[in-house]
Amino acid sequence: MHIEDGILSPLAWGSWYAVTTAFVIPGLREIQKKVKENLSYKPFLAMTGVAVFVISAMHLPVPVTGSCSHPCGTPLAAIIVGPLATAVISAIVLFFQAIFLGHGGITTIGANTFSMGIVGGISGYLSWKILCSLRSPLWLAAGVAGFVGDILTYLTSSFELALSLHGHVPLLKQWMIFFMGYGPTQLPLAIAEAAFTAAVLQVMVNRRPDLLPGIKLRQKSSREVKPNVNH
């Protein structure tokens, strides 16, 4: 997912910066609004950012892609702080990872943010919301969100590479070649991210439901009222 400097053409990485900016600016506005409404939101957001930094810094090289494979942490972040705020968190995380850890690059922050922070976060969040609306158990909704967000992050990263590098090879074929490079490494990581996302959310709801009022309300509303048979 961390595409390195020099892999994408200037036109490609510039375009991904522009697309990512369209999500980061509304994310910054949303964060400013929530901070004014709730002073505890800022440290909670910072804590979430640290979690994304640590989770997505687990480094596994992928031989044929010019990149490396990681869990993401952004589906979990999108559920607890929102997908737009997650886009902002991801851009900051990827900047510091590029500077201090050599993961990714400066020119590719836009592309990497789009795949991990925007596609990974939004797809995980939408999976969570859909399953919650179907009265799915919390652990299942969270697990599917983690899995879907992780896999779609790498499908998007593969697409970014294929779009810039496919040359005379058909785009779809090159896209699948890049994704098959990720696949053997990423599938077990996506399963692990599913389990991790489910476990963390379940623990948070059980021990600190005040941090997740929306999820708490959803759980309460999903309880069925038992009929009173003692007349």
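Quick notes on this structure:
- Flag for residue 111 being over 20 Å from residue 192 (Cα atoms), modelled with pLDDT under 95 and open to solvent by less than 60 Å² (accessible area, probe 1.4 Å): no
- Restricting the stretch 120-152 to residues that are modelled with pLDDT under 95 and of a type in the set (S, T, N, Q) leaves a set whose member that is nearest to residue 23 (Cα to Cα) is 133.
- Neighbours by Cβ (under 7 Å, 6+ apart or cross-chain): first from the stretch 1-27, small (Gly, Ala, Ser); second in a helix (DSSP H, G or I): 9/164; 12/163; 12/164; 27/84; 27/85; 27/87; 27/88
- Filter result for residue 99 (surrounded by fewer than 18 Cβ atoms within 10 Å (Cβ to Cβ), more than 12 Å from the chain's Cα centre (by Cα) and at pLDDT 95 or above): no
- Looking across 197, 185, one residue alone is more than 12 Å from residue 124 (Cβ to Cβ) and among the β-branched types (Val, Ile, Thr). It is 185.
- Within the stretch 150-176, the residues that satisfy the criterion of being without any contact (Cβ under 8 Å) to a residue 24 or more places away in the chain and in a helix (DSSP H, G or I) are 159, 162, 171, 172, 173, 174, 175, 176.
- Filter result for residue 86 (touching a Leu at 6+ places or on another chain (Cβ under 7 Å) and of a type in the set (Ser, Thr, Tyr)): no
- Failed item in (1) of a type in the set (Gly, Ala, Ser); (2) under 16 Å from residue 54 (Cβ atoms); (3) open to solvent by 20 Å² or more (accessible area, probe 1.4 Å), with residue 91 passing the rest: (2)
- Of all residues in the stretch 1-56, those that are under 21 Å from residue 158 (Cα atoms), among the acidic types (Asp, Glu) and within 20 Å of the chain's Cα centre (by Cα) total 1.
- Cβ-Cβ contacts under 7 Å between residues 6 or more apart (or on different chains), taken from a first residue in the stretch 80-95 that is closer than 20 Å to residue 198 by Cα to a second residue that is hydroxyl-bearing (Ser, Thr, Tyr) and in a helix (DSSP H, G or I), are listed as 80/48; 81/48; 83/125; 86/74.
- Residues that are touching a residue at least 60 places away in the same chain (Cβ under 8 Å) and surrounded by fewer than 24 Cβ atoms within 10 Å (Cβ to Cβ) were ranked within the stretch 129-146; the one that is farthest from residue 80 (Cα to Cα) is 135.
- Among the residues of the stretch 50-82, the ones that are modelled with pLDDT under 70 and touching a Ser or Thr at 6+ places or on another chain (Cβ under 8 Å) come to 5 in all.
- Any hit, the stretch 68-87, residues being farther than 26 Å from residue 130 by Cβ and surrounded by 13 or more Cβ atoms within 10 Å (Cβ to Cβ): yes
- Residue in the stretch 171-179 that is surrounded by 20 or more Cβ atoms within 10 Å (Cβ to Cβ) and within 30 Å of residue 204 (Cα to Cα) present: no
The values are calculated or read from the model by the stated rules, or taken from the named source; none is laboratory data. Everything numeric in this text was worked out from a predicted model, so none of it was measured. Cβ coordinates were reconstructed from backbone atoms using ideal geometry, including for glycine residues, and neighbour counts include every protein chain displayed. For the accessible areas, the whole protein counts, side chains as well, though only heavy atoms, and no ligand, DNA or RNA atoms are used. Shrake-Rupley method; radii C 1.70, N 1.55, O 1.52, S 1.80 Å.
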